[in-house]
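Written out below as structure tokens is the structure these notes cover.
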Amino acid sequence: MKRSKSRIIAWIAAAAMALSMTPSVAFAGSSSAFASGSGTESDPYVIKTAEQLAAVAGDLDANYVLDNDIDLSSYGTWTHIGKFEKMKGEGETPDESKAFSGVFDGKNHKIIGINVDGMMAAGLFGVTAGAEIKDISLENISVKGTCMVGAAVGYAVE
């Protein structure tokens, strides 16, 4: 009994350690994932960190503002915001519900050191649909993919 109890405690400790290393992206789409804001036009989510930028993928039709420059050079490989998934029976037509369709205002800030390595529709934003992305610059970037590749947006649907 004592032996199995120590195994359970060790397992719980390992799980707690793993969870403590999980970035705030786990709460993507909730207001707690951002510095402030509610995601509306009059009260956009405010982004101050790389983790908050990644959390944009959890709420693809909200409004966002960048509050300062973000350096992603130590972040690793970036998972683009909005992904290309084909609609069933529609050939190469992307499922727009998986695309970023909100507003992203960079407020003249920059994102530095982004590294994207994706198959298709690769970029800071992989796929957008009717989105507005403005006043942002990208510096020192690396974006690789097989098709539909761009620094800011890999594939845009009107």
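The values are calculated or read from the model by the stated rules, or taken from the named source; none is laboratory data. All values reported here derive from a predicted model rather than from experimental measurement. Glycine also receives a Cβ, built like all others from the backbone with ideal geometry; neighbour counts cover every protein chain displayed. All accessible areas refer to the heavy atoms of the entire protein, side chains included, with ligands and DNA or RNA removed. Shrake-Rupley method; radii C 1.70, N 1.55, O 1.52, S 1.80 Å.
Structural remarks
- The lone exception for V25 - which of (1) modelled with pLDDT under 70; (2) surrounded by fewer than 17 Cβ atoms within 10 Å (Cβ to Cβ) it fails: (2)
- Contacts under 7 angstrom Cβ, first residue in the range 93-114 being closer than 15 Å to F125 by Cβ, partner β-branched (V, I, T) and outside any strand (DSSP E or B), 6 or more apart: I114/I141
- The range 102-127: number of residues that are under 12 Å from I81 (Cβ atoms) and open to solvent by 10 Å² or more (accessible area, probe 1.4 Å): 1
- Failed condition for T40, given (1) at pLDDT 90 or above; (2) within 22 Å of L124 (Cβ to Cβ); (3) not in a strand (DSSP E or B): (2)
- If you go through the range 144-158 and keep only what is of a type outside the set (S, T, Y) and under 22 Å from D105 (Cβ atoms), you end up with G150, A151, A152, V153, G154, A156, V157, E158.
- The set of residues in the range 128-154 being surrounded by fewer than 16 Cβ atoms within 10 Å (Cβ to Cβ) and either free of Cβ contacts under 8 Å to residues at least 24 places away in the same chain or not in a strand (DSSP E or B) (or both) consists of G130, N140, T146.
- D59, sole failed condition from (1) free of Cβ contacts under 8 Å to residues at least 60 places away in the same chain; (2) open to solvent by 50 Å² or more (accessible area, probe 1.4 Å); (3) charged (D, E, K, R); (4) in contact with a strand residue (DSSP E or B) (Cβ under 8 Å, 6 or more places away or on another chain): (2)
Condition check ((1) among the aliphatic types (A, V, I, L, M); (2) modelled with pLDDT of 95 or more; (3) in contact with a Gly (Cβ under 9 Å, 6 or more places away or on another chain)) across all residues:
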| position | (1), (2), (3) |
| --- | --- |
| K98 | no, no, yes |
| G118 | no, no, yes |
| E132 | no, yes, yes |
| I141 | yes, no, yes |
| G154 | no, no, yes |
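- Count of the range 65-79 residues, restricted to those that are within 16 Å of I114 (Cβ to Cβ) and either part of a strand (DSSP E or B) or touching a helix residue (DSSP H, G or I) at 6+ places or on another chain (Cβ under 8 Å) (or both), is 7.
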